[in-house]
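Q: Starting off with a structure, shown below.
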Amino acid sequence: MAMSFRNACYHILAPASEAHEYKKRSTLFDIVLIALIIVNVAAMMLETVPGIPALWQRELHIIEVVSVLIFTIEYLLRVYSSAAAPENGSQANRSPQEKTTVWQKRWAYIKSPMALVDLMAILPFYLSVFVAFDLRILRVFRVLRILKIGRYSRSMQTLITVLRNESHSLIAAISVLLLFTVIAATCIYYIEHTAQPNVFSSIPASLWWALVTLTTVGYGDAVPVTALGKVFGGLITIMGICFYALPAGILSSSYTTQMQLKRDRFKDTVQSVLDDGKLSEHDIHHLEHVRKLLDLDEEEAKLIIRLLQHHHKLDR
């Protein structure tokens, strides 16, 4: 009985696209949870509007308490049901003695990024209740509740995969940018300090100018006035266009690669079901399921199917 309840919780709490059982209940739960997250974010934003907190204090408090209660139950059930997660390929081949235990699975889930997001979404509320000092800064973490939607967004999951795959390249690029920012701040300090001792009072204070100049934002609150400072500032602006394009280029290139991999996987699936030259009703449902899993555009998927059908006819 306990195992069947745990299994039911696991599939209902999983995104509907990944649930192998209880799909209708999983879809309903997804809709309810996404709606609750949106209401929470809207309530958090309304709390900052002058006059509204005093007018709707009771309603906003009820939303917060009920939401935290639901999110807490959800978190506890996710931790409990994570023991029902299927073994991956490498774990499935292990001997019974080497199999992952129930608590090992739960601990692995607790350490996962989405579980940490779930925890941080409710933790500030309990800290503010049980700890007797000002924890208003922790309420900033309430905005993390919007990240819970990432569990149901294939696009967000693709972006996370891109960040994970390109983490070394991004860290290298950001390290170069930080180093260059410090160099720019140091140079402008020695160039402009004598002319503007209040604006460029120190190298740390000059970091602001270096940052807004390298990013080509240029707020204008700190600008060089000497001829050498202006020449150096122009050079830094040009260099900033080159250097700050690096992370964007890395991310866009990797994102394009990930999307191409998804298209290739969909093409392989279409080719495998076209071996007999026909698409049955079961094949169409299977392809639609794969399309949703890969988060491909419906029109693009239809075009891929038509093109492969055409090529299949020509080959025959």
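Q: Can you run phi through the Karplus equation (6.51, -1.76, 1.60; θ = phi - 60°) for region 190-204 and list ³J(HN,Hα) in whole Hz, with x for Gly and Pro?
A: Each residue of region 190-204 in turn: 6, 7, 9, 4, 5, 6, 9, x, 7, 6, 9, 6, 7, 5, x Hz.
Q: Would you mind telling me which residue in Lys292, Lys278, Lys24 has the biggest mean-square fluctuation in a Gaussian network model of the chain, where springs connect alpha carbons within a distance under 10 angstrom?
A: Lys278
Q: Set the Förster radius R0 to 35 Å, insert the Cβ-Cβ distance between Arg265 and Trp103 as r into 1/(1 + (r/R0)^6), and round the FRET efficiency to 0.05.
A: The pair Arg265/Trp103 has a calculated efficiency of 0.50.
Q: Which of Ile203, Ile160, Ile304 ends up with the largest GNM mean-square fluctuation for the chain, with Cα atoms connected below 10 Å?
A: Result for the chain, Cα springs under 10 Å: Ile203 fluctuates most.
Q: For region 9-60, what does the accessible surface come to per residue with a 1.4 Å probe? Please give it in Å².
A: 64
Q: I'd like the orientation of helix 23-46 relative to the chain: the angle between its Cα long axis and the longest Cα principal axis, in ° from 0 to 90, rounded to 10.
A: It is inclined by approximately 20 degrees.
Q: Work out Dmax and Rg for region 173-214 from the C-alpha atoms and quote the Rg first, both in angstrom.
A: When restricted to Cα atoms, region 173-214 yields Rg and Dmax of 10.1, 33 Å.
Q: Okay, next question. Near Lys148, which lysines are there with a Cα under 17 Å away, not counting those fewer than 8 places off in the same chain?
A: Cross-link targets: Lys111.
Q: How big is the charge dipole of the chain about its Cα centre, in debye rounded to the nearest 20, if each Lys and Arg gets +1 on its Cβ and each Asp and Glu gets -1 on its Cβ?
A: Dipole about the Cα centre, nearest 20: 540 debye.
Q: Still on this structure, please answer the following. Report the residue, chosen from Ala35, Ala19, Ala121, that carries the largest GNM mean-square fluctuation when the chain is represented by alpha-carbon nodes joined by springs under 10 Å.
A: Greatest mean-square fluctuation among the candidates belongs to Ala35.
Q: Please list, or write none, the lysines whose alpha carbon is within less than 27 Å of the alpha carbon of Lys230, excluding same-chain residues fewer than 8 places away.
A: none
Q: What is the local net charge at Ile70, summed over the other residues whose Cβ is closer than 13 Å to its Cβ (Lys, Arg +1; Asp, Glu -1)?
A: Net charge around Ile70: 0.
Q: Per residue, how large is the accessible surface of region 199-316? Use a 1.4 angstrom probe and give square angstrom.
A: Result: 63 Å² per residue.
Q: Another question about this same structure. Cross-link partners among lysines for Lys292, C-alpha distance below 17 Å, same-chain residues fewer than 8 apart left out?
A: Here the lysines satisfying the reach criterion relative to Lys292 are Lys23, Lys24, Lys262, Lys267, Lys302.
Q: Any idea what the relative contact order of region 177-254 is, in percent, if you count C-alpha pairs under 8 Å spaced at least 6 apart? Intermediate values should be presented prior to the final figure.
A: On the way: 73 pairs, mean separation 23.4, N = 78.
Contact order relative to length: 30 percent.
Q: Taking a cut-off of 13 Å, what percent of all Cα-Cα pairs in region 198-264 are separated by more than that?
A: For region 198-264, the share of Cα pairs beyond 13 Å comes to 70 percent.
Q: With the calculation restricted to Cα positions, what are the radius of gyration and Dmax of the chain in angstrom?
A: 26.8, 81
Q: Could I ask something else about it? Rg to Rh for region 164-316: what is it, with Cα atoms only and Rh by Kirkwood?
A: 1.36
Q: How large, in percent, is the carbon and sulfur part of the accessible surface of the chain at a probe radius of 1.4 Å? Before the final figure, lay out the partial values.
A: On the way: 13250 of 19650 Å².
Looking at the chain in its full context, I get 67 percent from C and S.
Q: Mind pulling the angle between the C-alpha long axis of helix 227-243 and the longest principal axis of the chain? Nearest 10 degrees, somewhere in 0 to 90.
A: The two axes meet at around 10 degrees.
Q: For Cα pairs less than 8 Å apart in space and 6+ apart in sequence, what is the mean separation divided by the residue count of the chain, i.e. the relative contact order in percent?
A: Worked out over the chain, it gives 13 percent.
The values are calculated or read from the model by the stated rules, or taken from the named source; none is laboratory data. Values in this document were obtained by computation on a predicted structure and should not be read as measured data. Neighbour counts are summed over all protein chains in view; Cβ atoms, including those assigned to glycine, are modelled from backbone coordinates with ideal geometry. When the accessible area is computed, the model is the full protein with side chains, heavy atoms only, and any ligands, DNA or RNA have been set aside. Shrake-Rupley method; radii C 1.70, N 1.55, O 1.52, S 1.80 Å.
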